[in-house]
Amino acid sequence: MILLETEALTRAYGGVVAVNKVDFEVESGLITGLIGPNGAGKTTLFNTMTGLDTPSSGKVWFNNKEITGYPAHKICRMGIARTFQNIRLFKELTVVENVMIGRHFKTGKSETKGRFLNAVKSYVKLKEEEEEIYEKALDWLDFFDMEASKNELAKNLPYGKQRELEIARALATDPKLLFLDEPAAGMNPQETDHLMATIRKIRDLGVTVVLIEHDMKLVMNICDTITVLNYGQKLAQGTPHEIKKNPSVIEAYLGKD
Ligand code: ATP
């Protein structure tokens, strides 16, 4: 089943056509890689699908519903979460608080307006929600083997763990689809291996994953299917095996060795 689809999606900045009539498909339950040279339009494609940027033309569907031009918070609530190329944690908050914030993005706060009794009821509900959100955040930390660090400040985590914490925060919104923008950037080989195992575990939870990545070992190892962009256009799409052998992809991006 196709979970997300774009049709001739285009984003131009003045004369620069960053994404040029791209038809991109994400099949439910798979790990999809999005690769290509620097400046090929990968992040812009992510941004136009997740509401961080508005397409110049073309369409986006998610779960059979057209979502073209929807704002980011609405897209998040519909079940698409993402991480960014540069780490965007709340560094002065604790690890568990960072994950709890992800949950708040999804649920929002209870209404506290109204008469006194309503206000009290809302307050109690808010407290209950807080506890539920805290427990759920601990479950996610457990999933990432990070529960022991729950009260540490996010800025004190090792780099690889900070990157995984961002993924935990995105998952706390309970997405059907998770976009990861260069999740392995800056990681050492051990951290990358751990990340690979984590992404597979996320897929096994039933969350569909799309990742932009320059680390070809990671991409070729974990992706079920890969789309290649070059100069804003789709150059190829196929299994890792097909992509590795594709002469135009070798020429534009992978190189001969
Ligand atoms: P990288 O692998 O280096 O992250 P990318 O494939 O993600 O690259 P994009 O960041 O999407 O590529 O950029 C595609 C093109 O669009 C580049 O030429 C870039 O300079 C241009 N571009 C992106 N965002 C903007 C913007 N806000 N204003 C003007 N040009 C932009």
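The values are calculated or read from the model by the stated rules, or taken from the named source; none is laboratory data. Computed from a prediction, not measured in an experiment: that's the story for all the values here. Neighbour counts are summed over all protein chains in view; Cβ atoms, including those assigned to glycine, are modelled from backbone coordinates with ideal geometry. Just so you know, the surface numbers come from the protein's heavy atoms only, side chains and all, with ligands and any DNA or RNA stripped out. Shrake-Rupley method; radii C 1.70, N 1.55, O 1.52, S 1.80 Å.
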Counting only residues in segment 205-225 that are within 16 Å of the ligand (Cβ to nearest atom) and of a type in the set (A, V, I, L, M, F, W, C), the one surrounded by the fewest Cβ atoms within 10 Å (Cβ to Cβ) is identified as Met216
Does any residue of segment 176-194 turn out to be assigned to a helix (DSSP H, G or I), open to solvent by less than 50 Å² (accessible area, probe 1.4 Å) and not hydroxyl-bearing (Ser, Thr, Tyr)? yes
Out of segment 43-92, which residues are more than 13 Å from the chain's Cα centre (by Cα), of a type in the set (Lys, Arg) and not in a loop (DSSP other than H, G, I, E, B)? Lys59, Lys65, Lys74, Arg77
State yes or no: is Gly255 within 16 Å of the ligand (Cβ to nearest atom), without any contact (Cβ under 8 Å) to a residue 60 or more places away in the chain and on the phi > 0 side of the Ramachandran plot? yes
Hits in segment 28-64 - residues which are near the ligand (Cβ under 7 Å from one of its atoms), among the β-branched types (Val, Ile, Thr) and either on the phi > 0 side of the Ramachandran plot or buried (at least 22 other Cβ atoms within 10 Å of the Cβ) (or both): Thr44
Residues located in segment 65-106, provided they are surrounded by 16 or more Cβ atoms within 10 Å (Cβ to Cβ), among the small types (Gly, Ala, Ser) and under 30 Å from Lys21 (Cβ atoms): Gly79, Ala81
Extreme residue, farthest from Tyr13 (Cα to Cα), among residues of segment 226-244 that are open to solvent by 30 Å² or more (accessible area, probe 1.4 Å) and hydroxyl-bearing (Ser, Thr, Tyr): Thr239
Within segment 195-204, the residues that are surrounded by fewer than 16 Cβ atoms within 10 Å (Cβ to Cβ) and either in contact (Cβ under 8 Å) with a residue 60 or more places away in the chain or part of a loop (DSSP other than H, G, I, E, B) (or both) are Arg200
Please work out which residue is nearest to Val209 (Cα to Cα), limiting yourself to segment 13-27 and to residues that are more than 9 Å from the ligand (Cβ to nearest atom) and aliphatic (A, V, I, L, M). Val26
Being open to solvent by 50 Å² or more (accessible area, probe 1.4 Å) and within 28 Å of Leu205 (Cα to Cα) is the filter here; which residues of segment 1-27 pass it? Met1, Ile2, Glu5, Asp23, Glu25, Glu27
Of the residues that sit in segment 181-194 and are among the hydrophobic types (A, V, I, L, M, F, W, C) and in contact with a helix residue (DSSP H, G or I) (Cβ under 7 Å, 6 or more places away or on another chain), which one is nearest to the ligand (Cβ to nearest atom)? Ala184
